[in-house]
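Below: the structure, in structure tokens.
The values are calculated or read from the model by the stated rules, or taken from the named source; none is laboratory data. Every value quoted in this text rests on a predicted model; they were computed, and no experiment measured them. Methodologically, a virtual Cβ is constructed for each residue, glycine included, from the backbone with ideal geometry; neighbour enumeration extends over all protein chains shown.
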Amino acid sequence: MAYEEYLNLYLSAQSNKDAPYYVVSFDVIGSTSLPDDEKLYMIENIEAIMQYVYKRLLRREKKLNKQVLIKDERFCTPWSPKARETWSRFFMDPFCLWDCFQFTILRDTIPKEQIIKWVYECKEKIGMKEEFHITDGYYETNEYGEGGTKFYRGYCLLTLSNFHKPFIQNKLKNIKRRIRKKDSNNNEIINYYEDY
């Protein structure tokens, strides 16, 4: 699939009120320019943040007495023994791809701001200096086979990990300009994604 196809599916999922999964993504700013020893600390800090926030999500789930995290036997945490056996990284949650880490929750269970607050709480406790690009989005399915018509988890994780990059933002702007909806008289009406 080309980026345009992923972004079309992304936009469609954001307007789909039935998209059940929500991802909050953090990408370390300027990680490639860090010296090697600082990159190692950054990775350790990311692991500490992921574990801290995941534990907070579990506690919140218990307190709310409702499901917040994905309950699916295919999923595991990156630090669990099962992680070595998992055939796909996309079934690890939290998800981490070097300098980018992401948390998946069920739609409308915990606000994005709460997850950001927990990340920054831990960041301060461990003394991490780097800042983050933060983005978020909904996706529709964990089933790869449905990825042609629904926004699949793997597409979402990779799209959000690159979301702050100018080439993605430019493609997104172009797609938003092209997508038009017609009314019953076949007249073009306002782009229904423009307000997103």
Pull out all pairs, ordered by first then second residue, where Cβ-Cβ is under 9 Å, the residues are six or more apart or on different chains, the first lies in the range 46-73 and is in a loop (DSSP other than H, G, I, E, B), and the second is exposed (fewer than 15 other Cβ atoms within 10 Å of the Cβ) and at pLDDT 95 or above.
Val68/Leu58; Leu69/Leu58
Any residue at all in the range 74-93 that is touching a Leu at 6+ places or on another chain (Cβ under 8 Å), outside any loop (DSSP other than H, G, I, E, B) and under 19 Å from Tyr155 (Cα atoms)?
yes
Could you figure out which of (1) under 19 Å from Tyr144 (Cα atoms); (2) surrounded by 20 or more Cβ atoms within 10 Å (Cβ to Cβ) isn't true of Val28?
(1)
Which one is farthest from Gly30 (Cα to Cα) among residues in the range 133-151 that are among the acidic types (Asp, Glu) and outside any helix (DSSP H, G or I)?
Glu143
Right, Glu113: exposed (fewer than 15 other Cβ atoms within 10 Å of the Cβ), among the charged types (D, E, K, R), part of a helix (DSSP H, G or I) and under 15 Å from the mean Cα position of the chain (by Cα) or not?
yes
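Okay, residues lined up against (1) closer than 14 Å to Gln114 by Cβ; (2) in contact with a Cys (Cβ under 7 Å, 6 or more places away or on another chain); (3) surrounded by 12 or more Cβ atoms within 10 Å (Cβ to Cβ):
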residue	(1), (2), (3)
Glu47	no, no, yes
Tyr54	yes, no, yes
Glu61	yes, no, yes
Arg74	no, no, yes
Lys82	no, yes, yes
Going by what's in this entry, would Lys125 be described as more than 18 Å from Phe75 (Cβ to Cβ), of a type in the set (Lys, Arg) and either in contact with an Asp or Glu (Cβ under 6 Å, 6 or more places away or on another chain) or at pLDDT 95 or above (or both)?
yes
Just checking, how many residues over the range 136-161 are buried (at least 19 other Cβ atoms within 10 Å of the Cβ) and within 30 Å of Asp37 (Cβ to Cβ)?
3
Return yes or no: is Lys129 farther than 27 Å from Lys17 by Cβ, of a type outside the set (Ser, Thr, Tyr) and not in a helix (DSSP H, G or I)?
yes
Could you list, in sequence order, the residues of the range 35-80 that are under 28 Å from Thr141 (Cβ atoms), aliphatic (A, V, I, L, M) and under 21 Å from the mean Cα position of the chain (by Cα)?
Ile46, Ile49, Met50, Val53, Leu57, Leu58, Val68, Leu69, Ile70
Filter the range 126-135 for residues that are in contact (Cβ under 8 Å) with a residue 60 or more places away in the chain and of a type outside the set (Asp, Glu); which is surrounded by the fewest Cβ atoms within 10 Å (Cβ to Cβ)?
Ile126
Can you tell me how many residues in the range 36-56 are closer than 19 Å to Ile105 by Cα and of a type in the set (D, E, K, R)?
3
